[in-house]
Amino acid sequence: MEVGNEIKRLRVNLDLSQDNLADKIFVTRQTISNWENDKTYPDIKSLALLSCFFNVSIDTLIKKDCEKMMEKIKKEDVKTMNKESKIFGILMIICFLIPMPLFYYLGITGFVLWMLCWGVVMVYATKIEKLKKQFDIQTYKEVIAFSESKELSYLEKSVEVGKRPYQKFLIPLGFACVVVIVNVVIALFLIYLNNL
(Lines give C-alpha, C1' and ligand atoms only; values in the text may rest on other atoms or scores of the structure.)
Protein backbone atom coordinates (compact mmCIF):
# COMPACT_ATOMS: atom_id res chain seq x y z
CA MET A 1 0.00 0.00 0.00
CA GLU A 2 1.30 3.42 -0.93
CA VAL A 3 -0.78 5.51 1.48
CA GLY A 4 1.64 4.62 4.30
CA ASN A 5 4.60 5.88 2.28
CA GLU A 6 2.71 9.08 1.44
CA ILE A 7 1.82 9.72 5.10
CA LYS A 8 5.43 9.16 6.12
CA ARG A 9 6.73 11.43 3.34
CA LEU A 10 4.36 14.24 4.29
CA ARG A 11 5.12 13.81 8.02
CA VAL A 12 8.89 13.89 7.47
CA ASN A 13 8.57 16.95 5.18
CA LEU A 14 6.94 18.79 8.08
CA ASP A 15 9.63 17.47 10.46
CA LEU A 16 7.03 15.81 12.69
CA SER A 17 7.45 12.69 14.81
CA GLN A 18 4.82 9.97 14.75
CA ASP A 19 3.76 11.17 18.23
CA ASN A 20 3.30 14.76 17.00
CA LEU A 21 1.19 13.66 14.04
CA ALA A 22 -0.84 11.30 16.22
CA ASP A 23 -1.71 14.18 18.57
CA LYS A 24 -2.78 16.41 15.66
CA ILE A 25 -5.24 13.90 14.19
CA PHE A 26 -6.41 12.26 17.44
CA VAL A 27 -4.95 8.77 17.03
CA THR A 28 -2.16 6.88 18.78
CA ARG A 29 1.48 6.80 17.74
CA GLN A 30 1.04 3.06 17.15
CA THR A 31 -1.75 3.79 14.68
CA ILE A 32 0.55 6.11 12.70
CA SER A 33 3.27 3.43 12.80
CA ASN A 34 0.82 0.78 11.56
CA TRP A 35 -0.24 3.00 8.65
CA GLU A 36 3.33 3.82 7.67
CA ASN A 37 4.36 0.15 7.86
CA ASP A 38 1.32 -1.02 5.87
CA LYS A 39 -0.09 -3.04 8.75
CA THR A 40 -3.41 -1.18 8.65
CA TYR A 41 -5.15 1.30 6.36
CA PRO A 42 -6.57 4.62 7.58
CA ASP A 43 -10.35 4.80 7.81
CA ILE A 44 -12.22 7.54 5.95
CA LYS A 45 -12.33 9.84 9.02
CA SER A 46 -8.57 9.54 9.45
CA LEU A 47 -8.00 10.14 5.73
CA ALA A 48 -10.11 13.30 5.97
CA LEU A 49 -8.13 14.52 9.01
CA LEU A 50 -4.81 13.72 7.33
CA SER A 51 -5.97 15.49 4.19
CA CYS A 52 -6.87 18.64 6.14
CA PHE A 53 -3.74 18.56 8.28
CA PHE A 54 -1.33 18.08 5.37
CA ASN A 55 -3.40 20.39 3.13
CA VAL A 56 -3.63 17.80 0.34
CA SER A 57 -6.61 16.09 -1.22
CA ILE A 58 -7.66 12.63 -0.14
CA ASP A 59 -7.06 11.69 -3.75
CA THR A 60 -3.39 12.66 -3.36
CA LEU A 61 -3.10 10.39 -0.31
CA ILE A 62 -4.69 7.32 -1.89
CA LYS A 63 -4.12 7.84 -5.63
CA LYS A 64 -1.26 5.34 -5.99
CA ASP A 65 -3.21 2.72 -4.02
CA CYS A 66 -6.26 3.29 -6.23
CA GLU A 67 -4.11 2.94 -9.36
CA LYS A 68 -2.64 -0.33 -8.06
CA MET A 69 -6.10 -1.65 -7.15
CA MET A 70 -7.47 -0.73 -10.58
CA GLU A 71 -4.50 -2.44 -12.25
CA LYS A 72 -5.05 -5.57 -10.14
CA ILE A 73 -8.78 -5.56 -10.93
CA LYS A 74 -8.03 -5.16 -14.65
CA LYS A 75 -5.56 -8.08 -14.55
CA GLU A 76 -8.18 -10.24 -12.84
CA ASP A 77 -10.79 -9.17 -15.41
CA VAL A 78 -8.43 -10.02 -18.28
CA LYS A 79 -7.65 -13.38 -16.65
CA THR A 80 -11.37 -14.15 -16.28
CA MET A 81 -12.11 -13.11 -19.87
CA ASN A 82 -9.22 -15.20 -21.22
CA LYS A 83 -10.28 -18.27 -19.18
CA GLU A 84 -13.92 -18.04 -20.27
CA SER A 85 -12.84 -17.48 -23.89
CA LYS A 86 -10.60 -20.57 -23.88
CA ILE A 87 -13.39 -22.75 -22.50
CA PHE A 88 -15.80 -21.27 -25.04
CA GLY A 89 -13.31 -21.86 -27.88
CA ILE A 90 -12.77 -25.51 -26.94
CA LEU A 91 -16.51 -26.12 -26.65
CA MET A 92 -17.10 -24.39 -30.00
CA ILE A 93 -14.52 -26.60 -31.72
CA ILE A 94 -16.16 -29.69 -30.23
CA CYS A 95 -19.62 -28.54 -31.32
CA PHE A 96 -18.15 -27.60 -34.67
CA LEU A 97 -16.76 -31.08 -35.38
CA ILE A 98 -19.12 -33.58 -33.75
CA PRO A 99 -22.65 -33.08 -35.12
CA MET A 100 -22.27 -35.26 -38.23
CA PRO A 101 -20.41 -38.14 -36.55
CA LEU A 102 -22.90 -38.13 -33.65
CA PHE A 103 -25.91 -38.09 -35.97
CA TYR A 104 -24.33 -40.62 -38.34
CA TYR A 105 -23.49 -43.17 -35.63
CA LEU A 106 -26.17 -42.50 -32.98
CA GLY A 107 -29.05 -41.09 -35.00
CA ILE A 108 -31.49 -38.99 -33.03
CA THR A 109 -29.64 -39.73 -29.74
CA GLY A 110 -26.51 -38.20 -31.26
CA PHE A 111 -28.51 -35.15 -32.29
CA VAL A 112 -29.85 -34.78 -28.72
CA LEU A 113 -26.28 -35.08 -27.32
CA TRP A 114 -25.12 -32.41 -29.74
CA MET A 115 -27.98 -30.12 -28.70
CA LEU A 116 -26.96 -30.53 -25.04
CA CYS A 117 -23.37 -29.65 -25.96
CA TRP A 118 -24.65 -26.65 -27.91
CA GLY A 119 -26.64 -25.53 -24.83
CA VAL A 120 -23.42 -25.48 -22.77
CA VAL A 121 -21.73 -23.45 -25.53
CA MET A 122 -24.59 -20.93 -25.39
CA VAL A 123 -24.17 -20.58 -21.61
CA TYR A 124 -20.51 -19.67 -22.13
CA ALA A 125 -21.38 -17.39 -25.05
CA THR A 126 -23.77 -15.52 -22.75
CA LYS A 127 -21.07 -15.17 -20.08
CA ILE A 128 -18.63 -13.78 -22.62
CA GLU A 129 -21.20 -11.35 -24.04
CA LYS A 130 -21.86 -10.03 -20.52
CA LEU A 131 -18.12 -9.53 -20.00
CA LYS A 132 -17.81 -7.80 -23.38
CA LYS A 133 -20.63 -5.39 -22.50
CA GLN A 134 -19.17 -4.79 -19.03
CA PHE A 135 -15.79 -3.78 -20.49
CA ASP A 136 -17.21 -2.10 -23.63
CA ILE A 137 -15.42 -4.41 -26.03
CA GLN A 138 -17.34 -5.74 -29.00
CA THR A 139 -15.15 -6.05 -32.08
CA TYR A 140 -12.45 -8.63 -32.65
CA LYS A 141 -9.67 -6.01 -32.36
CA GLU A 142 -11.10 -4.68 -29.08
CA VAL A 143 -11.30 -8.18 -27.61
CA ILE A 144 -7.72 -8.98 -28.65
CA ALA A 145 -6.41 -5.71 -27.19
CA PHE A 146 -8.28 -6.35 -23.94
CA SER A 147 -6.99 -9.93 -23.67
CA GLU A 148 -3.43 -8.59 -24.04
CA SER A 149 -4.07 -5.83 -21.42
CA LYS A 150 -3.60 -3.11 -24.04
CA GLU A 151 -5.60 0.06 -24.59
CA LEU A 152 -6.73 1.23 -28.01
CA SER A 153 -6.10 4.87 -28.87
CA TYR A 154 -9.11 7.18 -29.15
CA LEU A 155 -8.95 7.01 -32.95
CA GLU A 156 -8.64 3.20 -32.99
CA LYS A 157 -11.54 2.89 -30.55
CA SER A 158 -13.68 5.18 -32.75
CA VAL A 159 -12.93 3.06 -35.81
CA GLU A 160 -13.80 -0.13 -33.91
CA VAL A 161 -17.08 1.35 -32.63
CA GLY A 162 -17.97 2.04 -36.28
CA LYS A 163 -17.30 -1.63 -37.15
CA ARG A 164 -19.53 -3.04 -34.40
CA PRO A 165 -22.81 -3.29 -36.36
CA TYR A 166 -21.11 -5.07 -39.27
CA GLN A 167 -19.08 -7.47 -37.17
CA LYS A 168 -22.11 -8.44 -35.07
CA PHE A 169 -23.75 -9.64 -38.28
CA LEU A 170 -20.84 -10.85 -40.43
CA ILE A 171 -18.87 -12.91 -37.87
CA PRO A 172 -21.80 -15.20 -36.91
CA LEU A 173 -22.81 -15.49 -40.58
CA GLY A 174 -19.26 -16.42 -41.59
CA PHE A 175 -19.00 -18.88 -38.71
CA ALA A 176 -22.30 -20.54 -39.68
CA CYS A 177 -21.09 -20.93 -43.28
CA VAL A 178 -17.83 -22.54 -42.12
CA VAL A 179 -19.75 -24.91 -39.81
CA VAL A 180 -21.99 -26.02 -42.69
CA ILE A 181 -19.05 -26.54 -45.06
CA VAL A 182 -16.99 -28.48 -42.51
CA ASN A 183 -19.93 -30.70 -41.57
CA VAL A 184 -20.74 -31.40 -45.23
CA VAL A 185 -17.10 -32.45 -45.73
CA ILE A 186 -17.28 -34.64 -42.60
CA ALA A 187 -20.55 -36.19 -43.81
CA LEU A 188 -19.04 -36.95 -47.22
CA PHE A 189 -15.98 -38.45 -45.52
CA LEU A 190 -18.17 -40.66 -43.31
CA ILE A 191 -20.18 -41.81 -46.34
CA TYR A 192 -16.92 -42.54 -48.16
CA LEU A 193 -15.63 -44.60 -45.19
CA ASN A 194 -18.91 -46.49 -45.03
CA ASN A 195 -18.70 -47.41 -48.73
CA LEU A 196 -15.20 -48.90 -48.39
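The values are calculated or read from the model by the stated rules, or taken from the named source; none is laboratory data. Values in this document were obtained by computation on a predicted structure and should not be read as measured data. Here the Cβ is made from the backbone with ideal geometry for all residues, glycine too, and neighbour counts use every protein chain on show.
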Original post:
Among (1) at pLDDT 90 or above; (2) within 34 Å of the chain's Cα centre (by Cα); (3) small (Gly, Ala, Ser), where does residue 17 come up short?
Top reply: (2)
**OP:** Enumerate the pairs (first residue in segment 42-63 and in the same structural domain as residue 21 (by TED's automatic domain parsing); second residue anywhere and surrounded by fewer than 17 Cβ atoms within 10 Å (Cβ to Cβ) and among the aromatic types (Phe, Trp, Tyr)) with beta-carbon separation below 8 Å, excluding pairs fewer than 6 apart on the same chain, so at least 6 apart or on different chains.
**Re:** 49/26
Original post:
Is at least one residue of segment 106-122 at pLDDT below 85 and of a type in the set (Gly, Ala, Ser)?
Top reply: no
Subject >> Those residues of segment 88-116 which are assigned to a helix (DSSP H, G or I), of a type outside the set (Phe, Trp, Tyr) and surrounded by 16 or more Cβ atoms within 10 Å (Cβ to Cβ), in sequence order >> reply: 91, 92, 95, 99, 100, 101, 102, 110
**OP:** Filter segment 117-154 down to the residues that are assigned to a helix (DSSP H, G or I) and of a type in the set (Ser, Thr, Tyr), then identify the one that is surrounded by the fewest Cβ atoms within 10 Å (Cβ to Cβ).
**Re:** 154
Original post:
Any residue in segment 152-173 that is modelled with pLDDT of 85 or more and of a type outside the set (Asp, Glu)?
Top reply: no
Original post:
Among the residues of segment 34-49 satisfying the criterion of being out of contact with any helix residue (DSSP H, G or I) (no Cβ under 6 Å at 6 or more places or on another chain) and surrounded by 16 or more Cβ atoms within 10 Å (Cβ to Cβ), which is modelled with the highest pLDDT?
Top reply: 34
